[in-house]
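Engineer: Pasting in a structure now, in C-alpha cells, and then I'll have a few things to ask.
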Amino acid sequence: MRARSNILLALLSALALTGCGSMYTYRWPLSGAAPPNGRPRVYFEGSLPSAGIQELEMVEAVGGGTHANVEDVVNAMLDEAQAYGANAIVRVRVDCGHGTCHGYGVAIRFVGPPPQ
C-alpha cells in the first residue's frame, strides 16, 4: 500500500510541475500588417540591422513559472511578430527574475534587401 501511495504522489507531483507555467503576449500595431514571410530574426538591444526598416508593431511577452526563461519569451515574441508579417524584432530586451520573465521589442519589416 505504501509503494502505491509513493507512486501516486510522484505522478501527481510530475503533473503539477508540467502545468505550472504561463505565457501572455501583447502587441501594439504601429502600421498595417504584412503577409507572413518566414521566421523573423532577433536583434537584441544594442544591435540593429544594416538595412532600411519599417516598424510594424511593438511586441511584448511575459512568461511565468516554467515559462520564465529567455528562450520561451523570445519564441512567444517571434510567434506574434511572424503572425503580423515581420522579418525581425529589433531593440529586444528580456529581464528575468523571481519566477517571471518579461521581454519586449519592435517588430519590423525590411525595406529593400535584408541584411546578410
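The values are calculated or read from the model by the stated rules, or taken from the named source; none is laboratory data. This is a predicted model, so every value here is computed, not measured. Every residue, glycine as well, gets a Cβ built from its backbone with ideal geometry; the counts of neighbours run over all protein chains shown. The area values use the complete protein model at the heavy-atom level, side chains included, leaving out ligands, DNA and RNA. Shrake-Rupley method; radii C 1.70, N 1.55, O 1.52, S 1.80 Å.
Engineer: Just give me the residues in segment 45-74 being crowded, with 16+ Cβ neighbours inside 10 Å, within 13 Å of the chain's Cα centre (by Cα) and of a type in the set (A, V, I, L, M, F, W, C), in sequence order.
Structural biologist: M58, V59, A61, V62, A68, V73, V74, listed by residue number.
Engineer: Among the residues of segment 75-113, write down those that are more than 17 Å from I53 (Cβ to Cβ), open to solvent by 50 Å² or more (accessible area, probe 1.4 Å) and part of a helix (DSSP H, G or I).
Structural biologist: N75, D79, A83
Engineer: So, one more: Quick one: Q116 ticks every box in (1) open to solvent by 70 Å² or more (accessible area, probe 1.4 Å); (2) part of a helix (DSSP H, G or I) bar one, so which box is it?
Structural biologist: Of (1) open to solvent by 70 Å² or more (accessible area, probe 1.4 Å); (2) part of a helix (DSSP H, G or I), only one is false for Q116: (2).
Engineer: Looking at segment 73-87, I want the residues that are closer than 7 Å to P40 by Cβ and have a partner that is modelled with pLDDT under 95 and among the hydrophobic types (A, V, I, L, M, F, W, C) with Cβ atoms under 8 Å, at least 6 apart or on another chain. Which pairs are those?
Structural biologist: Short answer, once both residue conditions are applied: A86/A34; N87/F110.
Engineer: Restricting to segment 30-42, count the residues that are open to solvent by 40 Å² or more (accessible area, probe 1.4 Å) and hydroxyl-bearing (S, T, Y).
Structural biologist: Looking only at that region, the number is 0.
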